[in-house]
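Trainee: Can you read through this structure? Questions will come right after.
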Amino acid sequence: MSEIKLRIISQEDVSEIFKGKTDVLLEVIEESFLKYIHGDVLFPDKISQIFDMETQNRINCMPATLLGEDMVCGMKWVSVFPTNAPKGIQNVTGVMLLSEINTGFPVAVIDGTLTTKMRTSGVGCVAAKYLAPSNVKTIGIIGSGEEARMHFALLKHLFPTINECRVSSRTSSSEESFIRTFNKITSDVTFIACNNDSYKCASNADIIITAISGQSPVLKAKDVTKGGLYIHVGGWEDEYEVALKAQKIVCDDWEASKHRTQTICRMYKEGILKDHDIYANLSDLISGRKKGRDNDDEFIYFNSVGLSYIDLNLANYIYRRAKEMNLGHDVTIAESSIVNYKDLI
C-alpha cells in the first residue's frame, strides 16, 4: 500500500516564509489576478453559513483551482465572528487545504489565519498601488486590531512617505495598544489617537481604511474632505453617501461582491447603485484594460470581498516555499483506509 505525505504548515512557518518578503507577497497577490484574467482559474461561488444575520457571525468555505502550470485545487475554511472583538479574541480564524489534481491527493494543510490577514491587506495595498494619490503622507485607520495593523505595516512598506497615521477605535486602550506596537518599530511616523472620532481620523487623509467587523456606518460622508483613496475592508461600515461621493468605485470583483452584505452591495440591492456605477475590477487595472487614478483630486472607493483564488495562489506559493525551506512537518496518510473489518461485524 502506497503512502501519501501531507505537509502541515503553521502560522509560524507562514511568517518565516514572508519575513522580509513583503514585495513578494504583493507580487503573488497581483499574479493571482493575472492568472484569473488568463483563464487559469476555476472560481466557484463562496459558501457562507451565517449563524446570526444581525452580527454576521459566519463560517465561509472558499474553493478554487489553479490550472496551467500549477494544477492544484483547494479551499479556505474561515470563520468571521465580529462578536469576538469585544471579548478580546481574534475574529477571523481559518485553515487552508491544498490538493494536487493529477491524482486528487491532498498535499498540505496550511494556516489560514495569518494568511487571510496578509491576503486582505495585501489586496488593499495592490489596489493602492493603482489608486492612491501621488504623494501619500497621511493615513487614517478606523479599527485597531490585527487587520488594521497589517494594513498599516504593508502600506508603510509600499509608501515610505507616510509620516502620519491616525487611529480610531471604540476604546482608547486599543488605540494606545496600536500606537505602542508601531512606535517601537517606526521612527518617522507621528501616531494620533482619535478617541473614536471618525472625522478626526479620516478628514484630509490620503488613504482611509476601515478595518473593522462592524455592521453599522462608522465612516461618515462628512469625514471625507478631500481627494484620496478609501479602502473598505469588511462589511457595512460606512454611510451610503461615502460611496455616492466617490468619482470611481473599484472592486476586487464586483460579480463576486454584489450579492453580499457590504455597503455597496446593500446599495445595489436597494437600487441605489447599478452595475454601470462600478468603474472597474482590480484586474482591469492590473491588466491595463482601464486606468487607475486620473488626478489627485479624485476620491476613489475600493471594495474588497475576498477572492478564493488569491488565497489558493498564496497557499500554493507557501507550500512550495515550505518544501524548499524545510518548514512544516509531514504526516503520513494511506492511499486507502486501514480497516479491520472484523471489528465492525
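None of the figures in this text is laboratory data; all of them are computed from the coordinates on show. Because the structure is a prediction, the values reported are computed rather than measured. Please note: Cβ atoms are built from the backbone with ideal geometry, for glycine as well, and neighbour counts cover all protein chains shown.
Trainee: What is the helix-to-structure angle for 22-37, meaning the angle in degrees between its Cα long axis and the longest Cα principal axis of the chain, kept from 0 to 90 and rounded to the nearest 10?
Mentor: 80
Trainee: Taking the beta-carbon count within 10 Å as an exposure proxy, list Thr22, Thr332 from fewest neighbours to most. Before the final figure, lay out the partial values.
Mentor: On the way: Thr22 17, Thr332 8.
Arranged by neighbour count, lowest to highest, Thr22, Thr332 become Thr332, Thr22.
Trainee: With an 8 Å Cα cut-off and a minimum separation of 6 or more residues, compute the relative contact order for region 104-244 in percent. Could the numbers behind the result be given before it?
Mentor: On the way: 255 pairs, mean separation 34.2, N = 141.
Rounded, it is 24 percent for region 104-244.
Trainee: Using Cα atoms only, what is the angle between the long axis of helix 113-131 and the major principal axis of the chain, expressed in degrees (0 to 90) to the nearest 10?
Mentor: The helix 113-131 is inclined about 40 degrees to the chain.
Trainee: Mind putting a number on the dipole of region 202-345 about its Cα centre? Charges go on the C-beta only, +1 for Lys and Arg and -1 for Asp and Glu, and I need it in Debye to the nearest 20.
Mentor: Values: 18 positive and 22 negative charges, 21 e Å.
Charge dipole of region 202-345: 100 debye, to the nearest 20.
Trainee: Right, next: In percent, how large is the relative contact order of the chain, given Cα pairs closer than 8 Å and 6 or more residues apart?
Mentor: Numbers: 718 pairs, mean separation 74.6, N = 345.
Once divided by the residue count of the chain, the mean separation gives 22 percent.
Trainee: Now for a separate question. Quick one: grab the alpha carbon gyration tensor of region 192-320, order the square roots of its eigenvalues as a ≥ b ≥ c, and give me rounded if a/c is under 1.5, else prolate or oblate depending on whether a/b is larger than b/c. All intermediate terms of the calculation are to be shown ahead of the outcome.
Mentor: Numbers: a/c = 1.44, a/b = 1.33, b/c = 1.08.
Rounded shape, in that the Cα axes give a/c under 1.5.
Trainee: Sort out for me the Cα centre separation of region 1-58 from region 241-298, rounded to whole Å.
Mentor: 23
Trainee: A further question on this structure: Per residue of region 10-17, in order, report the coupling 6.51 cos²θ - 1.76 cosθ + 1.60 (Karplus, θ = phi - 60°) as ³J(HN,Hα) in whole Hz, putting x for Gly and Pro.
Mentor: 8, 4, 5, 5, 4, 4, 5, 4
Trainee: Toward the positive end of the charge dipole of the chain, about the Cα centre and with charges on Cβ (Lys, Arg +1; Asp, Glu -1), which of Leu229, Ser48, Thr332 goes farthest?
Mentor: Farthest towards the positive end: Leu229.
Trainee: How big is the dipole moment of the chain about its Cα centre under a simple scheme where the beta carbon of each Lys and Arg is +1, that of each Asp and Glu is -1, and everything else is neutral? Debye, nearest 20, please.
Mentor: On the way: 38 positive and 45 negative charges, 99 e Å.
Dipole magnitude for the chain comes out near 480 debye.
Trainee: Calculate how many DSSP beta bridges within the chain are antiparallel, expressed in % of all such bridges and rounded to the nearest 5. Show your work: numbers first, answer last.
Mentor: Numbers: 36 of 69 bridges.
Antiparallel bridges make up about 50 percent of those DSSP assigns within the chain.
Trainee: List, in order, the whole-Hz ³J(HN,Hα) value for each residue of region 299-310 obtained from phi through the Karplus relation with A = 6.51, B = -1.76, C = 1.60 and θ = phi - 60°; use x for Gly and Pro.
Mentor: Couplings: 9, 10, 9, 10, 10, 10, 9, x, 10, 5, 5, 6 Hz.
Trainee: Still on this structure, please answer the following. Counting helices only, and only those DSSP H runs with n ≥ 4, report the 222 nm mean residue ellipticity of the chain as the sum of -39,500 (n - 2.57) divided by its residues, in deg cm²/dmol to the nearest 500. Walk me through the intermediate numbers first.
Mentor: Working: 11 runs with 113 residues, N = 345.
After summing the helix terms and dividing by the residues of the chain, the value is -9500 deg cm²/dmol.
Trainee: Where the centroid of each part is defined by its Cα atoms, how far is region 112-157 from region 163-235 in Å?
Mentor: 12
Trainee: Is region 5-71 best put as rounded, prolate or oblate by its Cα gyration tensor, with a ≥ b ≥ c the root eigenvalues, rounded for a/c under 1.5, and otherwise prolate when a/b is larger than b/c, oblate when not? Intermediate values should be presented prior to the final figure.
Mentor: Values: a/c = 1.80, a/b = 1.26, b/c = 1.43.
Note, shape of region 5-71 comes out oblate.
Trainee: With a ≥ b ≥ c the root eigenvalues of the C-alpha gyration tensor of the chain, is it rounded (a/c under 1.5), prolate (a/b larger than b/c) or oblate?
Mentor: Values: a/c = 1.75, a/b = 1.62, b/c = 1.08.
It is prolate, given that a/c is not under 1.5 and a/b is the larger ratio.
Trainee: Convex hull over the Cα atoms of region 297-345, averaged projected area in nm²? Before the final figure, lay out the partial values.
Mentor: Values: hull surface 32.2 nm².
It is 8.0 nm².
Trainee: So, one more: Going by C-beta contacts inside 10 Å, put Ser283, Ser121, Ser10 in order with the fewest on the left. Walk me through the intermediate numbers first.
Mentor: On the way: Ser283 20, Ser121 28, Ser10 16.
Listing Ser283, Ser121, Ser10 from fewest to most nearby Cβ atoms yields Ser10, Ser283, Ser121.
Trainee: Could you put Asp275, Asp45 in order, starting from the residue whose Cβ has the fewest other Cβ atoms within 10 Å? Spell out each step's value before the answer.
Mentor: Values: Asp275 9, Asp45 12.
Lowest count first: Asp275, Asp45.
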